[in-house]
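**Q** This is the structure, below, for whatever I ask next.
The values are calculated or read from the model by the stated rules, or taken from the named source; none is laboratory data. Bear in mind that the values here come from a model prediction, so they are computed numbers and not experimental data. With ideal geometry, Cβ positions are generated from the backbone for all residues, glycine too; neighbour counts draw on all protein chains shown.
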Amino acid sequence: MNILVTGGAGYIGSHTLIELYKAGHTAVVVDNLSNSNPVSLQRVAEIIGIPEIPFCKVDIRDREGLEKVFAAQKFDACIHFAGLKAVGESVEKPWEYYENNIGGTLILVDMMRKNGCKNIIFSSSATVYGDPAEIPITENCPKGQCTNPYGWTKSMLEQVLMDIQKADPAWNVVLLRYFNPVGAHQSGRIGENPNGIPNNLMPYITQVAVGKRKELGVFGNDYPTPDGTGVRDFIHVVDLAAAHVAALKCFTQAIRQSSNQTFVYNVGTGHGYSVLDMVKAFIRVNGVDVPYSIKPRRAGDIATCYCNPDKAAAELGWKAQYGIDDMVRDSWRWQSQNPDGYPEN
Ligand code: NAD
Ligand code: WQD
């Protein structure tokens, strides 16, 4: 298939491009580079062994820009990663998050339907479950109250896309609810490259390990979990990338039970690891120290979040292959080989 990949220069998008090409697909990336560096695409092309990844520096809120992209070629599907994703920033700048994520997706979807492309895989998040009503979380678990505007953009966009599919069954909508992506491609050439102080655990750990930050603050050790620290379903980004290729099946195979159905899948490993499990695995596998101290709980955090990934296994034939040692090893390979992230282009 020929796939439009919005946000393809970013962390998950760049890894997904590799898996798409490995599986025989082609892609065109649309990205405004607001949170990424085009060097990631050069490196993806090197890894795949092609001269370049077709790339259009276009904002998904720019109708005319998108029109040119659609006029130049035909797409079988869109994998839609583009969006702002910093939880804390979304609390400070809710308008910007709603406008970029929701406004941008509405324009993208409008341009898709006008150009006859009605297959979309959307990057959703475990955050839509709020404080989950059940653990492990299945797709039947009710959605919950999000604690920040970022989370609401995901929850609302799920609803928007479901309604669009319901009104026009020619649409195929796949909602992938990612758990906690970590790790990097085994080459060490691409990885997560956050701007400023990392919000997420793994980039914070790697930046402490490489000497860019003094110590990790562990947010709370009094949760009702085995060691008191938060438990999450960390998933290797290469596994997550492969889930997108598997999800393309929804566009070619009749796995729908009814025409008014949106496909929803949890994308996680099904294992919960605590913050201290991750820190200890990182130290053990990589032989580098990660000084840490216990800090108060972070507002909005939940104690435990991991999924039941059986639906994706049964319907998509996808299952995570990598374990915690792979995650911490590959995160470190990327950070230690690229202490300052990607070079300026
Ligand atoms: P990322 O920031 O690395 O990638 C997102 C990309 O989208 C960036 O390259 C950015 O420049 C681009 N972008 C943002 N707004 C745009 C716009 N208006 N027009 C064009 N491009 C735009 O983030 P990521 O970690 O790769 O996440 C990809 C998607 O997955 C996001 O939608 C994110 O919300 C979602 N997600 C991420 C996580 C996570 O923990 N990383 C978890 C769940 C869901
Ligand atoms: C994991 C655990 C922290 C940093 C977030 C978003 C979610 C999704 C994934 C996009 C928690 C602890 C963290 C640190 C710490 N993103 N921690 N010290 O909060 O599960 O999920 O990213 O959709 O929407 O909310 O991930 O990596 O921030 O935190 O102790 O410096 O690590 O308290 O228990 P989270 P995270």
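**Q** Given (1) out of contact with any Cys (no Cβ under 7 Å at 6 or more places or on another chain); (2) assigned to a strand (DSSP E or B), where does CYS141 come up short, assuming only one miss?
**A** Checking CYS141 against (1) out of contact with any Cys (no Cβ under 7 Å at 6 or more places or on another chain); (2) assigned to a strand (DSSP E or B), the one that fails is (2).
**Q** Out of curiosity, is ASP301 without any contact (Cβ under 8 Å) to a residue 60 or more places away in the chain and surrounded by fewer than 19 Cβ atoms within 10 Å (Cβ to Cβ)?
**A** no
**Q** Collect the residues in segment 95-130 that are more than 9 Å from ligand 1 (Cβ to nearest atom), touching a Cys at 6+ places or on another chain (Cβ under 9 Å) and over 21 Å from VAL245 (Cα atoms), keeping them in residue-number order.
**A** Those that are more than 9 Å from ligand 1 (Cβ to nearest atom), touching a Cys at 6+ places or on another chain (Cβ under 9 Å) and over 21 Å from VAL245 (Cα atoms): MET111, VAL128, TYR129, GLY130.
**Q** Being away from ligand 2 (no atom under 13 Å from the Cβ) and in contact with a helix residue (DSSP H, G or I) (Cβ under 7 Å, 6 or more places away or on another chain) narrows it down to one of ASP239, ASP310, ASP326, ASP289, so name that one.
**A** ASP289
**Q** When residues of segment 277-296 are filtered for being touching a residue at least 40 places away in the same chain (Cβ under 8 Å), part of a loop (DSSP other than H, G, I, E, B) and loosely packed, with under 14 Cβ neighbours inside 10 Å, how many remain?
**A** 3
**Q** In contact with an Asp or Glu (Cβ under 8 Å, 6 or more places away or on another chain) and surrounded by fewer than 17 Cβ atoms within 10 Å (Cβ to Cβ): is that true of ARG61 in this structure?
**A** So ARG61 does not fit the description; no.
**Q** Taking segment 118-138 only, how many residues are buried (at least 20 other Cβ atoms within 10 Å of the Cβ), within 16 Å of ligand 2 (Cβ to nearest atom) and outside any helix (DSSP H, G or I)?
**A** 7
**Q** Right, another one. For the list (1) part of a loop (DSSP other than H, G, I, E, B); (2) away from ligand 2 (no atom under 11 Å from the Cβ); (3) not charged (D, E, K, R), I need the number of the one condition that VAL174 fails.
**A** Failing condition for VAL174: (1).
**Q** Among the residues of segment 6-35, write down those that are near ligand 1 (Cβ under 10 Å from one of its atoms), outside any loop (DSSP other than H, G, I, E, B) and among the hydrophobic types (A, V, I, L, M, F, W, C).
**A** Matches in segment 6-35: ILE12, VAL29, VAL30.
**Q** Restrict the check to segment 260-275 and report whether at least one residue is surrounded by fewer than 16 Cβ atoms within 10 Å (Cβ to Cβ) and either over 19 Å from the mean Cα position of the chain (by Cα) or not in a helix (DSSP H, G or I) (or both).
**A** yes
**Q** Do you know which of the residues in segment 24-36 that are more than 15 Å from ILE79 (Cα to Cα) and surrounded by fewer than 19 Cβ atoms within 10 Å (Cβ to Cβ) is farthest from the chain's Cα centre (by Cα)?
**A** Among them, the one singled out is GLY24.
**Q** Can I ask one more? Please verify whether GLU139 is modelled with pLDDT of 95 or more and under 25 Å from ASP59 (Cα atoms), treating the condition exactly as stated.
**A** no
**Q** Scan segment 216-234 and report the pairs whose first residue is outside any loop (DSSP other than H, G, I, E, B) and whose second residue is among the aromatic types (Phe, Trp, Tyr), with Cβ atoms within less than 6 Å and a gap of 6+ or a chain change.
**A** Short answer, once both residue conditions are applied: LEU216/TYR204; LEU216/TYR292; VAL218/TYR292; PHE234/TYR273.
**Q** Next up: Give the residue that is nearest to MET112 (Cα to Cα), with candidates limited to residues of segment 7-33 that are within 16 Å of ligand 2 (Cβ to nearest atom) and of a type outside the set (A, V, I, L, M).
**A** Only one residue fits best here, namely GLY7.
**Q** Assuming GLY196 fulfils every condition listed in (1) of a type outside the set (S, T, N, Q); (2) buried (at least 16 other Cβ atoms within 10 Å of the Cβ); (3) at pLDDT below 95 apart from one, which condition is it?
**A** (2)
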